[in-house]
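Report on the structure given below.
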Amino acid sequence: MSRQVAIISPCFNEQGSIREFLELLKSNLASVADTKFHVVLVDDGSQDETVHVASSFDFQLDHITFHLLTLQHNVGHQKAIYQGLLYAESLPADYFIVMDADGEDDPAIIPALISETEADIVFVTRGKRQEGLLFRIGYFFYGLTFRLIINKKINFGNFSMIRRNVLTSVLNRSFIHYSASLSKLRFKKKFIRADRKKRLQGESKMSYNGLVLHGLKAFVEYADDMLIFFLKMFSLLFIFFIGLGINILYQKFVTHMAILGWASVLLSVLFNAMLIILCFFLMGVLLLNIHDRSSFQRTALYTTVTKASKSKPSGSDGT
């Protein structure tokens, strides 16, 4: 076989849909017989029967091997991705695809994704979405804010493919927001567009607070860019403050045309605005420091690896 591809999918409490997701993977990968696939399902400490349902699944295809990782406890979506990538590094794969197991990332895109062999990173950009109006409005303003502060368009999620050289870089740096961390890397990138599918099992388990926090983590990945943005804002405001201060003093003591109290009010408002910008600048420094200190954490949290294929019955071995 000319290629080996690892597919990493985190899941949490998906007992009602995980079999359907694996069936979708099977049907879409069955015809790609010239590629060896390693499906790595990362159970993020599910409290239902997700592990039991998934461990009983058999792809029954020689070119697909199933790896089920069970984490010691719930670590969160992004850390579950990291654990899956950390495990996949030991596999003989050339390319690594990350996709969610809730059905929104369409497995039918995988054949097109693995055909893009010239780029180091291939993002699947988001087309039409199935979420409600409130979510779409929030996502629009989130993207607008990201574009304003970071000067980059973020219209993609975790669904992507990377080469092994990128995987090494990702694991060495660590991340708290996978897609944002990939977008920062200076590798050759390509984008393909696909519509988001409807979730296989009802609404998202992530609350709006969780979604907001997830969005903010993308800014943390770009802490250095945020730092520069707020430094520029502070500098511009400081120059404006000096210029306005000179004009206020001129109006007050030279022309004697100043309205009583207006000079002190304007200066205090402007000074407070400068303090706010300076606080954001210091927050950027703090975020950058925290992000840098979070690097190089190659700690495996999975305790069980179950492998299943047509030629080898399901079993488990401790890791």
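Structure data summary
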{"read-out": "Region 73-194: relative contact order in percent, alpha carbon pairs under 8 Å with at least 6 residues between", "value": "43"}
{"read-out": "Inter-label distance, nm, simple model (7 Å from Cα along the C-beta direction), L249/I137", "value": "4.8"}
{"read-out": "Solvent-accessible area per residue for region 1-100 (1.4 angstrom probe, square angstrom)", "value": "35"}
{"read-out": "Net length gained if the chain between S27 and S235 were fully extended (0.36 nm per residue, minus Cα distance)", "value": "69.2 nm"}
{"read-out": "Projected label distance in nm at N165 and I228, using a 7 Å step from Cα toward the beta-carbon", "value": "2.4"}
{"read-out": "Global form of region 16-165, assessed from the alpha-carbon gyration tensor, a/c cut-off 1.5", "value": "prolate"}
{"read-out": "Distance between modelled label sites at S56 and S115, nm, 7 Å Cα→Cβ extension", "value": "3.8"}
{"read-out": "Calculated FRET value between A300 and D195, using beta carbons and R₀ = 30 Å, to 0.05", "value": "0.25"}
{"read-out": "Chain lengthening between K188 and Q72 when straightened (0.36 nm per residue, less Cα-Cα)", "value": "38.2 nm"}
{"read-out": "Cβ-derived FRET efficiency at R0 35 Å, L148 paired with D106, nearest 0.05", "value": "0.70"}
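The values are calculated or read from the model by the stated rules, or taken from the named source; none is laboratory data. Everything numeric in this text was worked out from a predicted model, so none of it was measured. FYI the Cβ positions are ideal-geometry reconstructions off the backbone, even for glycines, and counts take in every protein chain you see. Accessible surface is based on the protein model in full, side chains and every heavy atom, while ligands, DNA and RNA are left aside. Shrake-Rupley method; radii C 1.70, N 1.55, O 1.52, S 1.80 Å.
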